[in-house]
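As structure tokens, the structure follows; a few thoughts come after it.
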Amino acid sequence: MNSQRSIRNSCLGVLLVAALALACNKDEDKAVKGRTGPNGAARDSVSDLALSEDGLGQIQIGMTLDEAANMGLLNERPDMKSECDFVYPAVGAGIPFGVGVMVVKRKVVRIDVDTGTVTTEEGAKIGDTEDRIKSLYGDELKVEPHKYIEGGHYMTVLGDSASAGKALVFETDGKRVTMFRGGRLPEVKWVEGCS
């Protein structure tokens, strides 16, 4: 009888500890960007991230790769080409899957989105129709034929950022957005990435 009571009390203790852990972490539904500790990056909800021509969350166009890596935002690759290459968000950085970051001479110049839940500040996303992109950006939008997809388009938003040398570019299959990117000109318009 005492062994059953001991087992029951142990089980109750484990349940109590688990309940306390859940209660303490109920507000922890936000992703943590970067390192923890006094030099770590701020907390930010993944749903709050939106791509603009200036960046995505704390990953900003013009910052150095060293800055982004030290903040725990991007992974530095030992085999990367110094002239131009892509790097990817660090695990735990709070950046959704499907984001690639172009680095030219160790500076962040462009952020590509090819899958996932990332939107622009205006709400544009993968899967949107060309008509929706036109309605969101209006006269700021320049439409050009896609180099590789027959009937597809590059839809470029210069707007006020053109004077700052930045833009958003949406690629479509002629009907819907298949990928998009934001960043510095001319790199944001490079069709083959770093090639």
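The values are calculated or read from the model by the stated rules, or taken from the named source; none is laboratory data. Just so you know, these numbers come straight off a predicted model, no measurement behind them. Note that we place each Cβ from the backbone using ideal geometry, even for glycine, and neighbour counts take in every protein chain shown. When the accessible area is computed, the model is the full protein with side chains, heavy atoms only, and any ligands, DNA or RNA have been set aside. Shrake-Rupley method; radii C 1.70, N 1.55, O 1.52, S 1.80 Å.
Couple of notes before you dig in:
- Of Lys81/Lys166; Lys105/Lys134; Lys81/Lys125; Lys81/Lys142; Lys134/Lys166, those spanning more than 28 Å from alpha-carbon to alpha-carbon: Lys105/Lys134; Lys81/Lys125; Lys81/Lys142
- Sorted peptide list for 110-117, 133-140, 50-57, criterion being average Cβ within 10 angstrom, highest first: 50-57, 110-117, 133-140
- Rolling a 1.4 angstrom probe over region 47-195 with all protein chains present gives an accessible area of which 51% lies on carbon and sulfur atoms.
- Ala164-Arg106 pseudo-label distance in nm [points 7 Å out on the Cα-to-Cβ vector]: 2.5 nm
- Alpha carbon Rg of region 73-183, scaled by the compact-globule rule 2.2 N^0.38 Å: 1.12
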